[in-house]
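Working notes, structure below.
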Amino acid sequence: MLQYVPQFRDRTFVIAIDGGAAASPNFSNTLLDIAALRSLSIHLVLVHGASAQITELAAQRGVTVSNVDGTGITDDVTLDLSIDAITRLTSTLMQHLTTKDLRAATTNAILAHRAGVIGGQDLEHTGRVDRVDEGSLRALLDDGIIPIVPPIGYDGQGNTLRVNSDEAACEVALRQGASKIIYVMDEMAGDGCPELPSECQFSIAEARDYLTATPLCAGWTSKWEHAIRACESGVPRVHLIPGWRGDAPLLEELFSNEGTGTMIFADAYHRIREAERADIEEMISMMRPGVEKDKLLYLSREEIQEKLSDYFVIEIDGNVVGSAALHVGPDKQLAELACLFIKRSHESQGYGKELVRFAEERARSIGVASLFALSTQASDFFTTVCGFVGGEAGILPADRRDAYEAHGRNSRVLVKELG
Ligand SMILES: CC(C)(COP(=O)(O)OP(=O)(O)OC[C@H]1O[C@@H](n2cnc3c(N)ncnc32)[C@H](O)[C@@H]1OP(=O)(O)O)[C@@H](O)C(=O)NCCC(=O)NCCS
């Protein structure tokens, strides 16, 4: 997992924590991850919400509030109570970070203006983010201090305004040139929502389609919308993670290939390259589910290593997500496209096709006339998507045919003339 870490050194991540997530029993794990990220020299800005705390404080005081998330009307009573609840939560966060030996400072970095009248309703003390005081945040970050940004804005004329924390996180990330926003979500805010798609990655267009097709509750819709906006405006990655589960909710999402939440990306930086020794473990562990379901033939570390120069991998942001091998026969006329797989989390994004095209190009460039593949469960992929046709075992080179018969997997033989 840690091989992916160096690329984030000195980068800025905005961690946007829902009030409910900060109150969840699993928050101690989130805190440990925050400490781990700091120890990896990643700059962190913490933006927090406080809906859960405002709701709780209102109940304790027997007060009715006009809105809890900084999007509707914030009347005098609600503003007063929100400031209390937010200040307490900011202080609790500060206390938690201090116990982890992390230096933190509360900021007034959000400069806001009144939201005004929307749909005929005066939103009173609700604000919209105008500007972010980038200089003050940068000064803290450069000093190794974690800025805490509460969901409150100031308008410079003596007014305090309640702002929405999803919006604040998005604006802070844009102004700081952050590499990521990580929305740590509250389970309760998603009450009645369909389960978040986990281990999923969405392009901006796909995220928009998902939002149109899926009726999410208001809190989660707001995060999707801000994630899309952030990606459209220059933040490369936004992660939505369930703050209520996982031993290492942030680290698993950021540094494991599987992830725990949903990622929306501005662009997927990917490339195909030769496999290296350091990739072998990852390749074996990625292939394991395919081997268990008899989609792929088991290959040992030694077998891969012996022909390592035949293998190539596809990586996204430095993470290997798929692989294939091109074994060229001694006469260089026939080659096998073998061991093709794409991680489940990255299927159906065109990477399989890309690997096949890459193998074809490579084979063509060394004069190979035809390519064959053996497949148990993806033969339709080869025929309908990649232009292979069904063939007979008789076309296989003798050593390959013997192995094919010995395995008894009854794979289909697929052939493509490269022309
Ligand atoms: C088969 C595999 C390599 C396809 O890779 P992928 O990145 O998901 O596929 P792509 O995104 O490039 O292509 C998607 C297209 O392939 C089709 N497809 C994907 N897997 C398929 C399968 N097993 N059977 C039939 N069609 C399949 C999709 O329906 C889609 O079709 P469309 O373009 O008409 O919509 C991948 O699913 C995989 O690794 N599977 C498990 C291992 C395996 O079976 N490997 C082959 C053994 S040699």
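The values are calculated or read from the model by the stated rules, or taken from the named source; none is laboratory data. What you see is a predicted model; the values in this text were computed from it and never measured. Cβ sites come from the backbone with ideal geometry, for glycine too, and all protein chains shown count toward neighbours. Quick note on the areas: whole protein, heavy atoms, side chains included, nothing else; ligands and nucleic acids left out. Shrake-Rupley method; radii C 1.70, N 1.55, O 1.52, S 1.80 Å.
Just wondering, is there one or more residues in the stretch 297-315 that are within 22 Å of residue 389 (Cα to Cα) and near the ligand (Cβ under 10 Å from one of its atoms)?
The answer is yes, given that some residue of the stretch 297-315 is within 22 Å of residue 389 (Cα to Cα) and near the ligand (Cβ under 10 Å from one of its atoms).
I'm checking my understanding of the structure. Among residues of the stretch 323-353 that are in a helix (DSSP H, G or I) and at pLDDT below 95, which one is nearest to residue 418 (Cα to Cα)? Before you say what the answer is, go through the steps one by one.
Taking the stretch 323-353 first, the residues in a helix (DSSP H, G or I) are 344-346, 351-353.
Among the residues that remain, those that are also at pLDDT below 95 are: 344-346, 351.
Numbers: 344: 29, 345: 30, 346: 27, 351: 20 Å.
Among residues in the stretch 323-353 that are in a helix (DSSP H, G or I) and at pLDDT below 95, the one nearest to residue 418 (Cα to Cα) is 351.
Table: residues versus (1) within 16 Å of residue 332 (Cα to Cα); (2) near the ligand (Cβ under 7 Å from one of its atoms).
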| position | (1), (2) |
| --- | --- |
| 348 | no, yes |
| 354 | no, yes |
| 357 | no, no |
| 360 | yes, no |
| 373 | yes, yes |
| 378 | no, yes |
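Applying the selection to the stretch 203-231, what residues are under 25 Å from residue 342 (Cα atoms) and either among the small types (Gly, Ala, Ser) or touching a Ser or Thr at 6+ places or on another chain (Cβ under 7 Å) (or both)?
Within the stretch 203-231, 203, 205, 207 meet the criteria.
Please determine whether any residue of the stretch 160-182 is surrounded by fewer than 17 Cβ atoms within 10 Å (Cβ to Cβ), hydrophobic (A, V, I, L, M, F, W, C), more than 16 Å from the chain's Cα centre (by Cα) and closer than 28 Å to residue 23 by Cβ.
No - not one qualifying residue is present in the stretch 160-182.
With the checklist (1) within 12 Å of the ligand (Cβ to nearest atom); (2) assigned to a loop (DSSP other than H, G, I, E, B); (3) under 20 Å from residue 328 (Cβ atoms) in hand, flag the one item residue 419 doesn't pass.
Condition not satisfied by residue 419: (1).
Within the stretch 328-346, identify whether any single residue is near the ligand (Cβ under 6 Å from one of its atoms), without any contact (Cβ under 8 Å) to a residue 40 or more places away in the chain and under 21 Å from residue 287 (Cβ atoms), and answer yes or no.
The answer is yes; a qualifying residue exists.
Here is a yes/no grid of residues against (1) touching a helix residue (DSSP H, G or I) at 6+ places or on another chain (Cβ under 8 Å); (2) open to solvent by 40 Å² or more (accessible area, probe 1.4 Å); (3) within 29 Å of residue 262 (Cβ to Cβ):
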| site | (1), (2), (3) |
| --- | --- |
| 313 | yes, no, yes |
| 319 | yes, no, yes |
| 352 | yes, no, yes |
| 355 | no, no, yes |
| 359 | no, no, no |
| 366 | no, yes, no |
| 371 | yes, no, no |
| 381 | yes, yes, yes |
| 390 | yes, yes, no |
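Does residue 58 fit the bill of being in a helix (DSSP H, G or I), under 30 Å from residue 128 (Cβ atoms) and out of contact with any strand residue (DSSP E or B) (no Cβ under 9 Å at 6 or more places or on another chain)?
Yes: the conditions hold for residue 58.
I need the full set of residues from the stretch 3-45 which are of a type in the set (Phe, Trp, Tyr) and crowded, with 22+ Cβ neighbours inside 10 Å, in order please.
Result: 13, single match.
Can you find a residue that is out of contact with any helix residue (DSSP H, G or I) (no Cβ under 7 Å at 6 or more places or on another chain), farther than 21 Å from residue 75 by Cβ and without any contact (Cβ under 8 Å) to a residue 12 or more places away in the chain anywhere in the stretch 183-202?
So far as the stretch 183-202 goes, yes, one or more of its residues are out of contact with any helix residue (DSSP H, G or I) (no Cβ under 7 Å at 6 or more places or on another chain), farther than 21 Å from residue 75 by Cβ and without any contact (Cβ under 8 Å) to a residue 12 or more places away in the chain.
Within the stretch 175-227, how many residues turn out to be farther than 24 Å from residue 163 by Cβ, charged (D, E, K, R) and assigned to a helix (DSSP H, G or I)?
3
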